[in-house]
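In what follows, a structure is listed as structure tokens, so that the remarks can point back to it.
The values are calculated or read from the model by the stated rules, or taken from the named source; none is laboratory data. A quick note: this is a predicted structure, and the numbers were derived from the prediction, not measured. Quick reminder, even Gly has a Cβ in these numbers, built from the backbone with ideal geometry, and neighbours come from all protein chains shown.
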């Protein structure tokens, strides 16, 4: 079943989805399962080429809130049974449960890990291991001597975000138009009646804004303000680095947030600096060339060599090549997604996953469709747009 690309803008649609990344794909998939005929509009020439393409591709149940655990747990069930659940064979999400390993070198970090693992146990996640430094080095010999404790869950893992996205589009049967920009929304009496594009207007009484960092700008076309900001995140891509242990888990310095995972016979390396300011949404993001040095230079306080010493040897050899990618997280004040109706009746939002779009949006999109169809009452949706945005502590550096 190929993806339903078309060059002809339909005159009408049950549902128009604005955005062709993972969130748009998951929305289309669950809409189709509910008997809704979706049309997907993507401004760029191809699907999944903005933030989805820059994602690290990890999924984990080791999160810092029970709501997130429930949401992501549902997504993980889809990942693990992807071919069965989607009914398509064109795209393999390449799901590998190689684990997530969080390492700390300080007692404060160890206490925080114990607190979080205890909370996760209370929420029903009982397979997270707490390992002392010697135990973690026996399991993962590449871990440095400074590490005093780790938390590890083998059932967490990685996948291919683009293949996941394309498989969901394929399974949705949606009409997909690329290179089509949404320029406005038509409403009558406070209710949506159409979506305006540069190629014409689609008459519809339902639309979903799933435009990642552009969601706020798209919503403003309808006079709706969404509490979202865009924050630039970088990824170092290092192909063909033999020193990277094959099959290693996603390895995170729990004290700094620096992390890496095997990929492309080398690794992806990332670091989420909480001090990074918001910036306007952009397709052509400026690349910070110093980012790679902050991750790779052993003298940097955020170097991955701090807890995995083999990276020092990679640095000292000087022979490894790297490339930089940049994307944007779509952040909300409480770092939880916006899922549900806007003040314009018939216009919905599915955005703001705050760096967890790949692992959160498959389940979040099911929730959205259930809200749209009345299966879930609006007041029972914990991610509705009119909730109180209470601040919460950072127990998780990612």
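Scanning segment 64-78 for residues that are within 13 Å of the chain's Cα centre (by Cα) and under 22 Å from residue 393 (Cβ atoms) gives 68, 71, 72.
With the structure loaded, tell me whether residue 119 is assigned by TED's automatic domain parsing to the domain that holds residue 257, touching a helix residue (DSSP H, G or I) at 6+ places or on another chain (Cβ under 9 Å) and either part of a helix (DSSP H, G or I) or under 30 Å from residue 302 (Cα atoms) (or both) or whether it fails that test. So residue 119 passes the test. Please tell me if residue 153 is in contact with a strand residue (DSSP E or B) (Cβ under 7 Å, 6 or more places away or on another chain), farther than 26 Å from residue 305 by Cβ and either free of Cβ contacts under 8 Å to residues at least 24 places away in the same chain or not assigned by TED's automatic domain parsing to the domain that holds residue 340 (or both). Judged against the criteria, residue 153 is not a match. Where strands (runs of 3 or more DSSP E) fall entirely within segment 153-268, those with at least 1 residues that are in contact with a helix residue (DSSP H, G or I) (Cβ under 9 Å, 6 or more places away or on another chain) and farther than 20 Å from residue 9 by Cα are at 229-238, 250-253, 259-263.
When residue 1 is tested against (1) closer than 29 Å to residue 102 by Cβ; (2) at pLDDT below 95; (3) in a loop (DSSP other than H, G, I, E, B), only condition (1) is not met.
Here the helices (runs of 4 or more DSSP H) wholly within segment 286-398 that include at least 2 residues being outside the structural domain of residue 207 (by TED's automatic domain parsing) and touching a residue at least 24 places away in the same chain (Cβ under 8 Å) are 290-296, 310-317. The C-beta contact set for segment 268-280 (first residue under 23 Å from residue 322 (Cβ atoms), second residue in a loop (DSSP other than H, G, I, E, B), distance under 6 angstrom, 6+ apart or interchain) comprises 268/56; 270/56; 271/257; 271/258; 271/302; 272/257; 272/398. The test for being at pLDDT 95 or above, farther than 18 Å from residue 58 by Cβ, under 24 Å from the mean Cα position of the chain (by Cα) and surrounded by fewer than 22 Cβ atoms within 10 Å (Cβ to Cβ) holds for residue 322. Going through segment 338-368 one residue at a time, which ones are out of contact with any strand residue (DSSP E or B) (no Cβ under 8 Å at 6 or more places or on another chain) and at pLDDT 95 or above? Correct list: 343, 360, 362, 363, 366. Looking at 194, 212, which is the one that is free of Cβ contacts under 8 Å to residues at least 12 places away in the same chain and either surrounded by 15 or more Cβ atoms within 10 Å (Cβ to Cβ) or touching a strand residue (DSSP E or B) at 6+ places or on another chain (Cβ under 6 Å) (or both)? Just one listed residue meets the conditions, 194. In segment 41-64 there is no residue that is in a helix (DSSP H, G or I), at pLDDT 95 or above, touching a strand residue (DSSP E or B) at 6+ places or on another chain (Cβ under 6 Å) and within 15 Å of residue 349 (Cα to Cα).
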